[in-house]
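Nothing in this text is a laboratory measurement; each read-out follows from the coordinates by a stated rule. Since this is a predicted model, take the numbers as computed values, not measurements. Every residue, glycine among them, receives a Cβ derived from its backbone with ideal geometry; neighbour counts consider all protein chains shown.
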Amino acid sequence: MSQQSISSPPDETLASVVVVDYGLGNLRSVTRGLERAGAEVTITADSDAFAAADGVVLPGVGAFREGIENADPIREDLLSVADRGQPLFGICLGMQMLLTTSEEGGTDGDAAVQGLDLIPGTNVRFDQGQKVPHMGWNELQVEREHPLVDGIDGQYAYFVHSYYAVPDDEGAAVATTDYDLEFPSIVANEAGNVFGTQFHPEKSGETGLRILRNFVEICAEE
């Protein structure tokens, strides 16, 4: 991370990023945040655009089942992003969709829907007396090195969620947050190119902007 202030965009575009448009997610605010972080952003569901970009962002607001069903037509395209080694960044619901399953997917009496399974694990509902949803600012505790978390240990981010990720491999947790239990607030796959934040970086002030800049710089290095 350069010492240049992240309050203003860099002097030049650092990387090209696709924000996936699958019918869910706060696309405009995510796009504005990425542009401030130095990305040239395209909002699309076109697989050719995925392949041509330096990195791909999977945003998401809403329920796991709806997210997976909406994204199902481009499931293989998203898996190809990961297979190619491109950075794939899931935000909030988008992060949960990177896992295998969710308790949320099976609560309506239907069979559980299958996530992308890029980070094996499931998403479970807060059920230990916590107020649900977990909403507001909370602290990030970095657990291991990953370029996405440069400069953010101990900083605060903005959360809105009722479910949290439980990866099969505890080492998938890059950062954790405490909400009467410790849950992964940032996860990544073993290769390091697929990762996600449970919180909304585009709503997390300077901390979120730093994470978005870190992501754009990861993309620029690919």
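Could you order peptides 144-157, 88-101 by the average number of other Cβ atoms within 10 Å of their residues, highest first?
For the peptides 144-157, 88-101, the packing ranking is 88-101, 144-157.
Please compute the contact order of region 15-221 in relative form: average sequence separation of alpha-carbon pairs under 8 Å and at least six residues apart, divided by the residue count, as a percent. Once normalised by length, the contact order is 22 percent.
Our coupling estimate for region 176-187, obtained by passing each phi through the Karplus curve with A = 6.51, B = -1.76, C = 1.60 and θ = phi - 60°, is 10, 9, 9, 9, 6, 7, 8, 10, x, 9, 9, 10 Hz, Gly and Pro reported as x. Placing +1 on the Cβ of every Lys and Arg and -1 on the Cβ of every Asp and Glu, with nothing else charged, gives region 95-194 a dipole about its Cα centre of roughly 260 debye. Once the convex hull of all Cα atoms in region 89-204 is built, its volume per residue stands at 95 Å³. Look at where the Cα atoms of region 121-136 and of region 168-194 average out, and the two centres are 15 Å apart. Exposure proxy shown here: for 164, 158, the number of other Cβ atoms within 10 Å sets the order, fewest to most, as 158, 164.
In plain terms, the C-alpha convex hull of the chain casts an average shadow of 11.0 nm² when viewed from every direction. Once you sort the root eigenvalues of the Cα gyration tensor of region 141-181 as a ≥ b ≥ c, which label holds: rounded (a/c under 1.5), prolate (a/b larger than b/c) or oblate (the other case)? Oblate is the answer for region 141-181, as a/c is 1.5 or above yet b/c matches or exceeds a/b.
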